[in-house]
1. Collect the residues in the stretch 77-95 that are surrounded by 15 or more Cβ atoms within 10 Å (Cβ to Cβ) and either small (Gly, Ala, Ser) or more than 19 Å from the chain's Cα centre (by Cα) (or both), keeping them in residue-number order.
2. Of all residues in the stretch 164-180, count the ones that are under 13 Å from Asn205 (Cβ atoms) and either among the small types (Gly, Ala, Ser) or touching a residue at least 60 places away in the same chain (Cβ under 8 Å) (or both).
3. Keeping to the stretch 83-121, report how many residues are in a helix (DSSP H, G or I) and in contact with a Ser or Thr (Cβ under 6 Å, 6 or more places away or on another chain).
4. Can you tell me which of (1) of a type in the set (A, V, I, L, M); (2) over 21 Å from the mean Cα position of the chain (by Cα); (3) in a loop (DSSP other than H, G, I, E, B) is the one Ile283 doesn't meet?
5. Which residues, taken from the stretch 50-66, are assigned to a loop (DSSP other than H, G, I, E, B) and touching a residue at least 60 places away in the same chain (Cβ under 8 Å)?
6. Looking at (1) more than 27 Å from Ser68 (Cα to Cα); (2) outside any helix (DSSP H, G or I), find the lone condition where Glu170 falls short.
7. Limited to the stretch 67-99, what total is found for residues that are touching a residue at least 40 places away in the same chain (Cβ under 8 Å) and among the small types (Gly, Ala, Ser)?
8. Inside the stretch 243-279, can you point out the residues that are surrounded by fewer than 24 Cβ atoms within 10 Å (Cβ to Cβ) and under 16 Å from Leu172 (Cα atoms)?
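Quick note: the coordinates plus some simple rules give every number you see, no bench work behind them. If you're wondering where the values come from, they're calculated on a predicted model, not measured in any experiment. Cβ coordinates were reconstructed from backbone atoms using ideal geometry, including for glycine residues, and neighbour counts include every protein chain displayed.
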Amino acid sequence: MASAVKTRKTATRLLTAAAVLSGLVLSAVQAHAATVPSPTEAVATVLPVVDMEATVKAAQIDPRRADSTQTPGAHDSVLAVEQALQARGLLDARWVDGYFGTTTVSAYAAFQRSLGYTGLDANGLPGVTSLTTLGQGRYTITHQIGVGAKLKRDGYTVNTRTQNMLTEAERLAGLHLTLDQGSYNPGGDPTSAGTHDGGGVVDINVDGMTSATRTAVAKALRQVGFAAWVRNPTQGDWPWHIHAAAISDTDLATQAQNQTGDYYLGFNGLANHAADDGPRIAIQTWEEYQRTH
């Protein structure tokens, strides 16, 4: 009899231990499951990535093309931006194609205006704030571009990005560069056709420079990310100077955006759309230059 009781007690203890162990295992499994997102949740958190540099580049080049050729490396980023514009009712589905043409520029400018932006802030060229706002819940941003605060150089207004570019161009050229005209100058020299109304655009004084030096300076400016040309009196009502527009400056006036687009397409940045007459180098932006130097 005592033996039977002892056997029952042992069996009971074993069953109790098994139940406790089973409960611990179940708790561990439930805890792990709670920390692992379901396939649906995992997919929902993976957002497209918009490369701001590629997007801004496309917004300058694509509208200047005679066809619908897309800017290399920009398709996915532009498509994500266009899808976001479509979701807000600002862009028809037929224009959601990865090509940042004039219709997409207009739609983006409309979005900027919807945020209360005016003037340069609604130029259709994506800036960090508007691009971030548009992409909330839809995409993330990489390779951001910032122009920085405005400051004075030679008595003219430029932004920090332009100043940094000029400083590096001076180092490459081995001489100081003096401005004849700065940026953010609406209503300034009428021969500039509005290119200096926004940021990123300057005119360089070339008094006393030889032809070879002018060309060397234009080359240095191009190396650091300017669309730069030596201008002469036969091209317009102006003296010799170097006109330089900082590629991908998000404050560029529309006219300057067009010039940078033309630069990529091999034109001289003037209304006559003649061939580029400047020193030929591999075109790059300031950000691209910085990554390799």
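1. Ser77, Ala80, Ala84, Gln86, Leu90, Leu91, Trp95
2. Selection size over the stretch 164-180: 1.
3. Let us first name the residues in the stretch 83-121 that are in a helix (DSSP H, G or I), namely 83-87, 93-95, 102-114, 119-121.
Subset that is in contact with a Ser or Thr (Cβ under 6 Å, 6 or more places away or on another chain): 95, 112.
Qualifying residue count for the region: 2.
4. (2)
5. Step one: of the stretch 50-66, the residues assigned to a loop (DSSP other than H, G, I, E, B) are 65-66.
The answer is Arg65, and nothing else.
6. Result: Glu170 fails condition (2) only.
7. 3
8. Pro279
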